[in-house]
1. Apply the Karplus curve 6.51 cos²θ - 1.76 cosθ + 1.60, θ = phi - 60°, to the phi angles in the stretch 601-608 and return the couplings in whole Hz, x for Gly and Pro.
2. Given a Förster distance of 22 angstrom, what is the FRET efficiency for Ala198 paired with Gln168, based on the Cβ-Cβ distance and rounded to 0.05?
3. For Lys147, what is the net charge nearby, where nearby means another residue's Cβ is under 9 Å from its Cβ and Lys, Arg count +1, Asp, Glu -1?
4. Please report the net charge: other residues with Cβ closer than 9 Å to the Cβ of Val526, K and R +1, D and E -1.
5. At a probe size of 1.4 Å, how large is the accessible area of Ser222, to the nearest 10 Å²?
6. Using a Förster distance of 22 angstrom, determine the FRET efficiency expected from the C-beta separation of Cys715 and Glu813, and round it to 0.05.
7. For Ser59, which sequence-distant residues (separation of 5 or more, or a different chain) have an amide H within less than 5 Å of its own amide H, given hydrogens modelled in the peptide plane?
8. Once a ≥ b ≥ c are taken as the square roots of the eigenvalues of the Cα gyration tensor of the stretch 673-765, is the result rounded (a/c under 1.5), prolate (a/b larger than b/c) or oblate (a/b not larger than b/c)?
Amino acid sequence: MPCERKPMRYGHSEGHTEICFDDSGKFFVTCGADGDVRIWDGLDDDDPKFITVGEKVYSLALKKDKLVTASSNNTVQIHTFPDGDPDGILTRFTTNATHVTFNRSGSRVAAGSSDFMVKVVEVSDSSQQKTLRGHEAPVLSVTFDPKDDFLASASCDGSVVVWNIEEQTQVISWPLLQKTNDVSNAKSLCRLAWQPGAGKFLAVPVESKVHLYERGSWNHVSTLSDDLLTQLINVVSWSPCGQFLAAGSVGGSLNVWDVNSKLCVERQKHEKGFTVCGLAWHPSGSQIAYTDTEGRLGLLDGLSTSTSITTEEAPAAKKPAKDYDDLFDDDDDDRLMDEGLSDTNSPVKKAVTGDGDDDDDDFLMPATGRVRNRGAILDDENSLDTGSLRLGQDKFGDDDDTGSAVVPAAAPLVPLRPVYEGPMPTPPQKAFQPGSTPAHLTHRFMMWNSVGIVRGYNDEQDNAIDVEFHDSAVHHAMHLTNSLGHTMADLSQEAVLLACPSTDELASKLQCLHFSSWDTNKEWMVDLPKDEDVKALCLGQGWAAVATDALMLRLFSIGGVQREILSLPGPVVCLAGHGEQLLIIYHRATGFDGDQALGVQLLQFGRRKKQLINCEPLPLSRKSHLSWLGFTAEGTPCSVDSEGVVRMLNRSLGNTWTPVCNTRETCKSKSDHYWVVGVHENPQQLRCIPCKGSRYPPTLPRPAVAILPFKLPLCQTTTEKGQMEEQFWRSMLFHNHYNFLSTSGYEVDEDGQSQSQKEQQELLMKMFALSCKLEREFRCVELAQLMTQNVVTLAIRYASRSRRMALAERLSEIALEKANQIQEEEEEEEEELEYTRRTSGYGQSEVTGGRYSNRRHQGEEEEQEEEEEVREEEDGQEMETEESTEIRKRVNPFAKEAGSPVKPSLTPIAKVGRANPFKVLGSGKPSSSSGQPRVTNILDNMTSSKKLSPLSVSAGKGSKGPVLKPLAPRPKTKTQSTLLQMTGSKAANKKTQEKIQPAADQQKQPDVPPPASPVDNTENKRPKTGFQLWLEENRKSITADHPDVEETDIIKEAMGRFRTLTAEERLSWTERAKGQTGDAADLKKRKRAEGGGGGAENVNGQAEADENSAKKKKSLDPSSKLAAFAFNKN
């Protein structure tokens, strides 16, 4: 059915608009929200006659020179046509009428109202009225049966009712629609239409399909649908001949079906995608006039309804006159497809339709050429039966007597073309702003986040934006006039960012109100290049990001300086910002069978810009789309899909996503939803707004925020074991942010971090006890692998007292393994430090990549020498010791990539003490400059951090080099003595020593002389370690294998080889080194006891002390540990 879509033109002011033709077809008549009825000679009539009816006109009907209108003064009025003279009031309601219609003869008018009533009034005598009561909500539409026996009405209560007019009773009621409280909130106007002539069918738009009900039996006999049509149908209208049905949808689609064959014979699209709210056929059937919610009117011209033949003989008669290609198309479309169609919501009905010249198939072709026979390539989300795409007689059913009479099942006269039977592509979801409600609403939330709320108002009185802050200390509330028509917004502690789409005259604009600026000019604006529209935007700390439809990401500083510009891998879906992180979601491919294929990029700005996630897929539930994206208050990315599943990024497992909550589980009915506005990890809270019967909340009254708990979807969470497992892994997941913040250089809440570690270890101990009771000893060992060393000792005690000696034996091996692991890590750090000193000398402030400082290790050497002296003062502080040593583990840059037990450090040196702006609890005040240790090298001073927390200052007091020590959480618990007493309590002694000598060390600092050469410091004065000795003997073989490498690379290679030796071999090398250097070390200890010696000498005894302690630890065998432990009653 070839037709021409005429350009649309202005008709009325913005708002609901309706249209109809007069009986002759010479004029078409429109009404709109401006209160006027306009009479047009044609689409090009620039001076239409108009009748002012009231403030607003909601509906109109025209028959036999009588014009009936429903206006805002709660009346249904009648005027003469075309003169427009008032001819009285037909009827009144208590509120405004919503829809009026004439019967076939023009003798009666039916009107539906917002007061739930339907009235049928005689035009000749308005006193003769019939009132139909029974709806429980405002009436959406009414339509007369052509025989004048029945009347059908649709209502916001979700029902479509057929009434017997004379008896004023309900004949049948179908619950087909979604319930709403008002016509303005209804998703569809559900304009019903009765087939002209015999009135055999009643057409009811239900979601994206049209149901046909048979008059008399009231059975649902047929469904008209189109796979390319996924939006709700708003209005339907029959052609004068009754063979074709036109439908206009909320998204601007216009479809025409042949009712006999149930084929979609015409597809058009509104040029701007606005909602079609009025539809009328020309009496000749050659034109369809339509109107939209913006007050514009358009025309489809040249509809050849008389030539769309569906009988068997007509195609044969036409074939000689057609070209070869069209011959195939007509035969396939009109004959073969009819055999294979059914009324299910299968995506196959239009599988090979391309009928006529469908020139507006936006999904499949960028140009306006027609797409031949590819109707099923796009699927709607309700499509189920992808396997039924076959042509043949097996699918031909008894849909209804009209459809079955269309084509007898005959063999085709032309060859079949191949038919696609695979999964159907999903229409890609449109870009959206997380935390906003749909843009078509007159009152809407443009943004609701943790900072505040941005509301948009776009009605007759006002086009404005209100900004409200949750904390009025950030800024006072603002009222902005929205003269540019901004549709997107974001809000941060620094600024409000707004953007509007481009129009025919104006470019797309980005506007920023930088209210935290200290200067007087707080606003800036940027015009985007021509033909480039903003699709998504967000704000971070000191920056703004905008994604456009040209697949660009544009970054700006908060003051308006243009920064990086990046190309996106696909069309953007949404953006989210938090601090230095930017999260980008985009379409990475076409999804199939209702699934979306989205990708993620996570960028981090700041001093070292990096990409944390590079183009990885975003997981969603089946057949769902993304509905919210953001960060927790602590900076972890989160997403929510349309099925209500909340997912959080698990940084500890290679940037995977873990489901942490399903909001649908707490909804009371299927139509209820939760609208997410924020996520907190500490305390664990999902902040959202309950929406009854809707996906998003209204702006008024102000919605209340509810708090939902998190729950990982583990198995058997009703059992005690399942509950503890869920709590443990949730605690692990929700405290990953401490590690991320500290490695990014932010201060962390150490109390919170130690509390979370304590909570996790307590849960492990409870699970261990439960497994012991259930006699699951293997499971006990698995749980012990997750424990810290000090908690393993408690587990050993529990196992011993439970008389499970075999389990206690295995656990003591694990405890020894963990102790050795900590010892080896410390040894490797010291060896690393030793060799980097040899190659670089004391002049270099940071070792290999700036991760470790000489200063820290100098301090530790002194501490460990003192530790030898106070070894006899050890008491029951093992818990404290092990916690401290575990937390103080550092990354070893020379360590092997795979299999290394070393964990990353909590805080890099160069970034210690940066304040965490997102921290909820704790005191993050910067310390005064007087607390900062003095430095001897100006370059070192430049790399030290801007802010120091009190903890970092105290940690630095006992040390002597030019760089701060990393932050390490203070141990919190002091527990009973255990068998691991013998392994020593470094951290406890370290704390004691720090308290004793901070002032003395501070005084000594400036006296440390810069060494004359590396050789003096390393070879002449320091004892050799086992690794040094091994390296001296094996250096030749390493240099032979790698002749051109530098000294640092030789050390790395040597470290790798030394680590492959067995523990016994390494111990023997260490003992050989001990034998050579024992006497020198004893002499130095005596010197230290007398108080003599400078800073450099004090450092030299460290290696011996360390090796002695290692020797003691490694000499313990598991059985002796167990024996020492099992009978300890303390």
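The values are calculated or read from the model by the stated rules, or taken from the named source; none is laboratory data. Source: prediction; values computed, not measured. Positions of Cβ are generated from backbone atoms using ideal geometry, with glycine treated the same way; all protein chains shown enter the neighbour counts. Heavy atoms of the whole protein, side chains included, go into the accessibility calculation; ligands, DNA and RNA do not. Shrake-Rupley method; radii C 1.70, N 1.55, O 1.52, S 1.80 Å.
1. 10, 10, 10, 10, 8, x, 5, 10
2. Between Ala198 and Gln168 the formula returns 0.35.
3. Net charge around Lys147: -1.
4. Every neighbour counted, the sum reads +1.
5. 0 Å²
6. E(calc), rounded to 0.05, equals 0.10.
7. Result for Ser59 returns Ala70.
8. Note, shape of the stretch 673-765 comes out oblate.
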